[in-house]
1. Considering only residues that are among the basic types (Lys, Arg) and either assigned by TED's automatic domain parsing to the domain that holds PHE277 or within 21 Å of MET110 (Cα to Cα) (or both), which ones fall in region 42-97?
2. Determine the pairs where a residue that is at positive phi, located within region 55-73, has a partner that is in a strand (DSSP E or B) with Cβ atoms under 9 Å apart, the partner being 6 or more residues away or on another chain.
3. Examine region 156-173 for a residue that is crowded, with 16+ Cβ neighbours inside 10 Å, touching a Lys or Arg at 6+ places or on another chain (Cβ under 7 Å), part of a helix (DSSP H, G or I) and at pLDDT below 80, and state whether such a residue exists.
4. Within region 79-107, how many residues turn out to be of a type in the set (A, V, I, L, M) and within 20 Å of VAL148 (Cβ to Cβ)?
5. Look through ARG120, ARG131, ARG146 and report the one residue that is surrounded by 17 or more Cβ atoms within 10 Å (Cβ to Cβ), in the same structural domain as VAL87 (by TED's automatic domain parsing), out of contact with any Ser or Thr (no Cβ under 7 Å at 6 or more places or on another chain) and at pLDDT 85 or above.
Amino acid sequence: MGNFVLERLKTLVPATKTVSLPRGRHRLHVMPTTAGYEVQTDARYSWDGRLRGQKPFTLLQHTISGAGWLRFEQRRFRVGEGETFVVTVPHDHRYWVEDGGRWEFFWITMSGQEALRIHRNSIAARGPVLRLGASTIEHLASCCLRIVENTSGAPGGASALAYEALMALHDDAAGETASMAERFGPIGRAIDQLRAHSGDRLGVAELAAASGFTRAHFSRKFARATGTPPAKYARNERLRRAASVLVANPRASIKQVARMAGFDDPNYFAKAFRRAFAASPSEYRRSGATRPTAHADGE
């Protein structure tokens, strides 16, 4: 991260800005709600995503130094220097500083339909903990600083800053996802096979054959390269196909969409879809989401 932005944030410690607008007057798709920079060493610093009310919002938090912990559903992550985590609220997660630990970070929270959509899709594509590019982090830090220093109170200007940060996250996440096949070499051939046949139930043996590895060796290399076992990755590709069909074909029934994506049991499909997208198939269709992705959490 560039020294200027970081040093400017540090001079404002504790740097916290809460953005408040008159109720009912502004219905913008993205609005910042808080932003700031701080250093936490108190083990009492702990936030539970199930206990922060029912009004939806998002959080992006980047670690400058030290580390904190994030429990996301059934998975646990150590969020260290250079890593960013993104979550939505309400949701089953908790993040905290361990006893004797130190966590230096900046953060931005947002409300609005577009903020929720982009954050959910980023989590679906790459999980809740990201290693973003240096230019992306610099951009996000700049947005955080400008939100903190903004004194105009104009809702349009505040929304523009939040949207700028949101698009920086979007472009970084989309760029990595789009280049997966090229980055993974032989494993990329299996990924290409999955994407070409996302409506079929391809087995691990078929994917291993496409990569040229034995099944056991393929499974190890695939999980190491993508962070997800091949069977779960294949399921997520089918969920992505289902999400695309839901939006592109509004007259297709949920049962028909499930079958087109290779799911024989509509009830299992609905359960898996909600876990991946934090919305039921019907809710997702009504939202008109345009970037279908699905995360790799366990079933």
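The values are calculated or read from the model by the stated rules, or taken from the named source; none is laboratory data. Just so it is clear, the structure is predicted and the values come from calculations on it, not from any experiment. Every residue, glycine as well, gets a Cβ built from its backbone with ideal geometry; the counts of neighbours run over all protein chains shown.
1. Result: ARG50, ARG52, LYS55, ARG71, ARG94.
2. If the second residue must be in a strand (DSSP E or B), the pairs left are GLY66/VAL39; GLY66/GLN40; GLY66/GLY80; GLY66/TRP103; GLY66/GLU104; GLY66/PHE105; GLU73/HIS93.
3. Checked region 156-173: at least one residue is crowded, with 16+ Cβ neighbours inside 10 Å, touching a Lys or Arg at 6+ places or on another chain (Cβ under 7 Å), part of a helix (DSSP H, G or I) and at pLDDT below 80.
4. Qualifying residue count, region 79-107: 1.
5. ARG146
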